[in-house]
Amino acid sequence: MVKVSSKKKSNKILYSYILFVALLAILVMHYLITNFAIRDYTLLLLFSILSAVSETFLIPLPKVGAVSVSFAITFSAILLTDPLTAAIITSLGILFRCPYVDGKGRVHLFNTPIYKTVFNISQYIINAGVAGIIYVNFHEILRFGFEFYNPIGGTIALMVYLLLNSFFMAALMSIILEEKLTAVWRNYLLGFINIILVSLLGIVLAFSYDSYDIGGILLFFIPLLLARYTFKLYLDMRKNYFETMNVLVRAIEANDPYTSGHSLRVSIYSEAIAKQLGLPQNKVDMIKSAALLHDIGKIGIDKNILNKNGKLEKEEFDTIKAHPQIGATIISDMSYLSNLSDIIKHHHERNDGKGYPDGLSHNSIPLETSILIIADSFDAMTTDRPYRHALSLEDALNEVKVNAGTQFNPDIVDDAIIALRKAFNNLSE
């Protein structure tokens, strides 16, 4: 009953947000129609087709939607036409796109939920319209640069477009994922550099049109598709990276079936803590990856010791204590994972210096490792083991609190407790 009520509340917020964006888009469109007129229907038609083609070959991203190179078309339209034309071009690109989605095939206007189409078109109208208005005004006030391109106005319009686009998308994903807006928005802002590079292609398109007319646009549309292909290769490589880690995790759990799911849960807890601390996405990804592989050294430990039901002898415990070093050695031999080696090696260190293998203390334990130490211990406490039953959520969180300064880094314990409670409840649903 609680889950259903929570879902209904989330849907209500989501639809209210989309309605707000749609109404805002109507106001912007009314202003554009009132104050501007379409000057070049040929460019309108050509750019709309190119925008639809670019959107058709968009690249899906995990959790956060998708990316395409269509922004180059939009930015070029802002420079070459007027705000009304630019807004129409970008919205038509969304309306008539037919991207391929894994598991669904080609998706288009007639098999996409109406609320998604409304949101996408609305936010693009606002982004392009407002950025276009700003560019026109700065171009008139500051006569600088080329006849069709004002670098100052273009830069300001670009920043406004990126801020609006990232905010609208971050707000949407914050509602859907039930995560803090600031954390989600920060991740979108980190992608600014990629979009700025795409905008440079938009400037090239504008110069091509100025020099070679429509033929120049068609000629330089090819580099856009090449840029898309390059980015797709990067994402495929990233996907293969995580698939490789999942294979390694399954190998770990095959050796120690009693802790099945442990590595994945520790990864989820580590990611939650890292986000709660406001770490940048590249750090979050690194911690998440290290957490997935933190027990890989158990591959080198005798199964009879790992699966022993009774109390371990000193020699047996010393053998198990070797797994962080074994794991670090395995990982260090893989060039694309070697940056995780130290985190994995020290995930059994303690804040008071009584851990292993090197007896590191507070100042010597990196933040990434401190996060993993808490996440690993918390999952161990909240799951059944051969030698004891699982602790309740509150008892486990109290243990984390009580051991701040001894086992755990006291600087991050409070944030860790907030993140762990939320992540644990999400996993329990």
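The values are calculated or read from the model by the stated rules, or taken from the named source; none is laboratory data. Note that the coordinates shown come from a computational prediction; the quantities given were computed from them, not determined experimentally. We place every Cβ from the backbone using ideal geometry, glycine too, and count neighbours over all the protein chains shown. The protein model used for the area step is the full one, side chains on, heavy atoms only, and it has no ligands, DNA or RNA in it. Shrake-Rupley method; radii C 1.70, N 1.55, O 1.52, S 1.80 Å.
When a 1.4 Å probe is rolled over the protein heavy atoms, the share of accessible surface on the chain that falls to carbon and sulfur comes to 62 percent. Annotation for Thr42 and Ile222: the two label points, set 7 Å from Cα along the Cα-Cβ direction, are 2.2 nm apart. So if the hydrodynamic radius of segment 295-429 is defined as the Kirkwood radius over C-alpha pairs, what does Stokes-Einstein give as its diffusion coefficient at 20 °C and 1.002 mPa s, in µm² per second? The Stokes-Einstein estimate is 135 µm²/s. The Rg/Rh ratio of the chain, with both radii computed over alpha carbons and Rh defined as the Kirkwood radius, is 1.07. Taking the longest Cα principal axis of the chain as reference, the axis of helix 367-381 is set at about 60 degrees. Per-residue packing, averaged as other Cβ atoms within 10 Å, sorts the ranges 300-306, 154-160 into the order 154-160, 300-306, beginning with the highest.
By the helix-only formula, in which each DSSP H run with n ≥ 4 contributes -39500 (n - 2.57) and the sum is divided by residues, the chain has a 222 nm mean residue ellipticity of -23500 deg cm²/dmol.
Along the chain, the longest continuous region that contains none of the chymotrypsin sites (Phe, Trp or Tyr not before Pro) in a DSSP loop with at most 15 other C-beta atoms within 10 Å is 149-335. Compared with the dominant principal axis of the Cα atoms in the chain, helix 114-141 is inclined by about 60°. With axes computed from alpha carbons, what is the tilt in degrees of helix 281-293 against the longest principal axis of the chain, rounded to the nearest 10 within 0 to 90? Taking the Cα atoms of the chain, the angle to 281-293 is about 40 degrees. Using every pair of separate Cα atoms, the Kirkwood estimate puts the hydrodynamic radius of segment 317-359 at 10.6 angstrom.
Structure remark: mean-square fluctuation, Gaussian network model of the chain, C-alpha springs under 10 Å; the largest value among Asn11, Asn120, Asn187 belongs to Asn11. A 1.4 Å probe, protein heavy atoms only, puts the accessible area of Thr117 near 20 Å². If the chain linking Ser364 and Leu427 were pulled fully straight, counting 0.36 nm for each residue of separation and taking away their Cα-Cα distance, it would gain 19.5 nm. Taking Asp379, Asp210, Asp342 as the candidate residues, the one with maximal mean-square fluctuation in a Gaussian network model of the chain, Cα springs under 10 Å, is Asp210. Using heavy atoms of the protein chains and a probe of 1.4 Å, the accessible area assigned to Ser377 is about 20 Å². For the cross-link pairs Lys104/Lys180; Lys12/Lys116; Lys180/Lys422; Lys180/Lys401; Lys321/Lys354; Lys314/Lys354, the ones whose C-alpha atoms lie over 19 Å apart are Lys104/Lys180; Lys180/Lys401.
Phi angles across segment 16-32 convert, under the Karplus curve 6.51 cos²θ - 1.76 cosθ + 1.60 with θ = phi - 60°, into 3J(HN,Hα) values of 5, 5, 4, 4, 4, 5, 5, 5, 5, 5, 4, 5, 5, 5, 4, 5, 5 Hz, Gly and Pro given as x. For segment 312-354, applying the loop criterion from DSSP together with a ceiling of 12 other beta carbons within 10 Å to the GluC sites (Glu not before Pro) yields Glu313. Ranking of Met173, Met334 by solvent-accessible surface, largest first: Met334, Met173 (1.4 Å probe, protein heavy atoms only, all chains present).
Computed from the C-beta positions of Phe110 and Leu264, the FRET efficiency with R₀ = 25 Å rounds to 0.10.
Using a Förster distance of 35 angstrom, determine the FRET efficiency expected from the C-beta separation of Arg250 and Asp285, and round it to 0.05. Computed FRET efficiency for Arg250 and Asp285 comes out at 0.95.
The trypsin sites (Lys or Arg not before Pro) found in segment 103-192 that occupy coil by DSSP, while having at most 12 further C-beta atoms within 10 Å, are Lys104, Arg143. Here the spin labels are modelled as points 7 Å beyond Cα on the Cα-Cβ line, and at Leu23 and Glu178 they lie 2.7 nm apart. Solvent exposure of His346, expressed as accessible area, is near 20 Å², computed with a probe of 1.4 Å over the protein chains only.
Sequence neighbours fewer than 8 away in the same chain don't count; with that in mind, list the aspartates and glutamates whose C-alpha is under 19 Å from Lys311. Of all the aspartates and glutamates, those that pass the test against Lys311 - Cα under 19 Å, at least 8 places apart if same chain - are Asp256, Asp302, Asp384.
Protection proxy ranking, highest mean first, for peptides 84-93, 409-418: 84-93, 409-418, where packing is the per-residue count of other beta-carbon atoms within 10 Å, averaged.
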